[in-house]
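These notes are about the structure you will find just below.
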Amino acid sequence: MKAEASAMAAVTVDLHELPTREALAEELSQKVAYVLTAAIERRGKALLAVSGGTTPALFFRTLSDAHIDWPRVTVTLVDERFVPEDSPRSNARLARENLLQGKAAAAGFTGLFREGMTIETAAAEADGVLRKLGLPIDAVVLGMGGDGHTASFFPDADQLPALLSPTNEAVVAPVHATSAGEPRLTLTMPAIIGAPFVALHIEGEAKRQVLASVLRGKDLPIRAVFEHARKPVEVFWAP
C-alpha cells in the first residue's frame, strides 16, 4: 500500500496495487469482512453499500464466501438505475446474483428502486428506509467510470453541486443526467463519506490514468469524494 497525493491539490488516497483481478477481489473482500465484523462486534449489526457496473462481480462472489455473521448484515446500493430489479441493467440484480449467494445469502438487502413511484418519491422512500436501518453506513465500496463519475455523480448531472455537497441533508437523491442513460437514485456525499471505511474499486490502465489525472488536479466528480472524505479513500486497483 502506498499513499499518492497531488502536488496541485490537497487530495490523498491509499493505493493498493494488486497484480491480478483475483488478488484484488481477495484483498478487498478481506478488508470489507474485517470492517463488517468490527461493526457487528461494536453495535450488533453492519450496513454495507456496494456499487454496480461490470467491475465488482468477482469481488462480490469472493466476498459472498467470507466468514461474516451475515444475518446481522444489511446490503444496500451506492446507486441504482431507475429500472425494475429483474432488468439486466439493475444493480440490485447484480448484487443478488453475485453477492447475496452462498454464506451471504443470509444477509438482508434493501435496494433503492421502488415500483410504481416517481423517482423523487422513490428517493424519499429509500432515504427513510436507510435512516431506519441505522446510519452511518459501515463500509462503502465505490466504482468509477471513465468520465470520473462515482455513485451517480455524473459530470452532466442536474444539480451536481448539491449532490457533491458534504452538507446535503438527504441520504438518497434522484439524478437526471443525459450520459447516465436512465434516471438514477444515488447515495449523497454525506452518506458516502460518513462511512468509517470508503473504498474505490477500479481495474484496467484506463481507470488508473483517470485516477492519476484527478490526483494531478483534474476536476472530476470522484475528486469531490477524495476532498471531503474524513480520511484517505482506499483505492484498490488491478490491471
Legend entry - Derived scalar couplings ³J(HN,Hα) [region 77-88; Karplus, 6.51 cos²θ - 1.76 cosθ + 1.60; whole Hz; x for Gly, Pro]: 10, 5, 7, 8, 6, 7, 9, x, 5, 8, 6, x
Legend entry - Listed peptides 132-142, 109-119 by packing density, highest first (mean Cβ within 10 Å): 132-142, 109-119
Inset, instruction - Run down the lysines and flag those whose C-alpha is under 21 Å from the C-alpha of Lys103, throwing out any fewer than 8 positions away in its chain. - result: Lys31, Lys45
Inset, instruction - Quick one: which residues, 5+ away or cross-chain, put their amide H under 5 Å from the amide H of Val235? H built at 1.01 Å from N. - result: Asp14, Leu15, His16, Leu200
Legend entry - Relative contact order of region 26-114, pairs being alpha-carbon contacts under 8 Å that are 6 or more residues apart, as %: 32 percent
Legend entry - Pairwise centroid distance, computed over Cα atoms, of region 184-204 with region 21-42, Å: 16 Å
Legend entry - Largest-first ordering by accessible area, 1.4 Å probe, given options Arg43, Arg216: Arg216, Arg43
Inset, instruction - Determine, for each peptide in 143-149, 181-187, 91-97, 204-210, the mean count of other beta carbons within 10 angstrom over its residues, then list the peptides with the highest first. - result: 181-187, 91-97, 143-149, 204-210
Inset, instruction - Please give the per residue accessible area of the chain, computed with a probe of 1.4 Å over protein heavy atoms only, in Å². - result: 42 Å²
Inset, instruction - Only helices at least 20 Å long along their axis, Cα-based, and averaging 0.0 or more on Kyte-Doolittle count here, so list those DSSP H runs from the chain. - result: 119-133
Legend entry - With eigenvalues of the C-alpha gyration tensor scaled by 5 and rooted, region 141-239, Å: 20, 16, 12
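The values are calculated or read from the model by the stated rules, or taken from the named source; none is laboratory data. Predicted, not measured: the structure shown is a model, and the values here were computed from it. Every residue, glycine as well, gets a Cβ built from its backbone with ideal geometry; the counts of neighbours run over all protein chains shown. Keep in mind that these areas ignore ligands, DNA and RNA; they rest on the heavy atoms of the full protein, side chains included. Shrake-Rupley method; radii C 1.70, N 1.55, O 1.52, S 1.80 Å.
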